[in-house]
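Input: a single structure, listed below in structure tokens.
Just so you know, all these numbers are worked out from the coordinates, no wet-lab data involved. Treat the numbers as computed from the prediction; the structure is a model and nothing was measured. Every residue, glycine among them, receives a Cβ derived from its backbone with ideal geometry; neighbour counts consider all protein chains shown.
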């Protein structure tokens, strides 16, 4: 059962990454309880616009209440050794970050490169709205989704973030 869930999660992730635009992707509804909210509600506060002109993004508390907490217990801030990876199905680079000082410094340092390579981010740890605001303030121009990365961490043997995952390698 666990392997099936991991495979489903990875398949879903690959499908999401291969979409050329999150906003243009057609939704597939598996079950509708009538209580759902549009995904844009969650992603827009963390998505930047013009990197220089846009003011800091404010995450509405009502949105944050539905997001928090976000946990990836398999991962923590730390050093990631560069290593090769052979995942040709990974058509867009993916980066995993938290709201910690190491991740925020890494995001500041690599933001322009992440934009250039069209990387998609995941905020894999957050407890407070302050955590969301800290990442949003730096992430202008990047797409970052708040979500646990437990399945990705287990699949790729990752224990630490920040990390960049591309089809040919994993690096910090």
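Multiplying the residue separation of residue 172 and residue 130 by 0.36 nm and subtracting their alpha-carbon distance yields 12.7 nm. Modelled this way, with points 7 Å down the Cα-to-C-beta line, the labels at residue 108 and residue 82 are 2.3 nm from one another. Peptide packing for 95-103, 114-122, 73-81 was compared via the average number of neighbouring C-beta atoms within 10 Å per residue; ordered from the highest value, the list is 95-103, 114-122, 73-81.
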